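Read the figures in this text as sums done on the coordinates, not as results from a lab. Computed from a prediction, not measured in an experiment: that's the story for all the values here. Cβ placement follows ideal geometry from the backbone for every residue including glycine, while neighbour counts extend to all protein chains displayed.
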Amino acid sequence: MIMPSDPAEQLGQLRRMRLVSVVEGVTLLILVFVAVPIKHLGGHAIATTIMGPVHGMAFLLYVWTLIQTVSAVDLPTRDVVRMIVAAFIPFGAFLNAHTLRTRLALLASA
Amino acid sequence: MQVYLWLKALHVAATMTWISGTVVAGLAVASRMACAGIQAEQDRSFLAVVRRWDRSVSLPAMLLAWALGIVMAMQAGWFSSPWLMIKLAIVGALAALHGVLSGTLLRLNGSADQPSAILLYAAPAAILGVVMIAILVVTKPF
């Protein structure tokens, strides 16, 4: 695997990617399990009106950070494919966080 | 109307900041292709400055431009307008270009790697995208 020569940059980028993955997943959880029930059971549409765009922004940031990470670090092809697929699967971002945690552990021990 | 004008002014300011940062990042990556020897050492310092600017200014500006743009489009009910759909496609391409440049700046940090030759055209592509957006937004042809 070819890596940038600065390991700190590389680790930092993978940590940022993992953080954004978690944020994307958590905003989706709040949208689906908090805002949607409040709208349909409580009759308050404001919850989804706020959380919808917040999750939309988190998703856009996730896709952007994924593009940045793939451009910055040469990850194994299977990891890249998994992260791209995960972007379009509900809660797939949590799967990414796990993949990145494993990758970070490997790099930290290298 | 007053709120809309403030949103619009901030959206334009954020967009100008984001795109100018993307153009500089494109030029910085292109400069690596032209540098060798002692010049490469000076180029590394320049790349480090551009990378810090990208992280602390261009990225937040892009996020602000997206957020304000979404709010404005929702307020004005433009999401069904064809011109906005085309604009969003161009914005997506510009964001992807910025992501590639940002990642490439990280990769080049302290490295002797050469960037992909196609990134030589990144800065002109960003300008072309902005020109197309300006025409679409001002004329709203369809």
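Things to note:
- Neighbour-limited loop hits for chymotrypsin sites (Phe, Trp or Tyr not before Pro), the stretch B:32-132 (at most 14 other Cβ within 10 Å; DSSP other than H, G, I, E, B): B:PHE79
- All Cα-Cα separations within the protein assembly as shown were binned at 10 Å from zero, giving a P(r) of 7, 27, 32, 23, 9, 2, 0, each value a whole percent of the pairs.
- Within chain B, helix-based [θ] at 222 nm, where runs of 4 or more DSSP H residues each add -39,500 (n - 2.57), nearest 500: -27500 deg cm²/dmol
- Label-point gap, in nm, between B:ASP113 and B:ALA93 - each point 7 angstrom along Cα→Cβ: 2.5 nm
- Student exercise, the protein assembly as shown dipole from Lys, Arg, Asp, Glu Cβ charges, in Debye to nearest 20: 380 debye
- Taken about its Cα centre, chain A carries a charge dipole of roughly 240 debye when the Cβ of each Lys and Arg holds +1 and the Cβ of each Asp and Glu holds -1.
- The label-point distance for B:PHE46 and B:ALA76, in a model that sets each label 7 Å from Cα toward Cβ, rounds to 3.8 nm.
- Tensor-based shape of chain A (alpha-carbon gyration tensor, a/c under 1.5 rounded, otherwise prolate or oblate): prolate
- Where chymotrypsin sites (Phe, Trp or Tyr not before Pro) fall in DSSP loop in the stretch A:7-97, at most 16 other Cβ within 10 Å: A:PHE88, A:PHE91
- Placing unit charges on each Cβ (+1 for Lys and Arg, -1 for Asp and Glu) gives the stretch B:2-139 a dipole about its Cα centre, and among B:PHE46, B:ALA112, B:GLN75 the Cα reaching farthest toward its positive end belongs to B:GLN75.
- Label-point separation in nm, A:HIS98 to B:ALA13, each point 7 Å along Cα→Cβ: 4.5 nm
- Where Rh is the Kirkwood radius over Cα pairs, Rg/Rh for the stretch B:1-113: 1.10
- Chain A: most fluctuating residue of A:GLY43, A:GLY52, A:GLY25 per GNM, C-alpha cutoff 10 Å: A:GLY43
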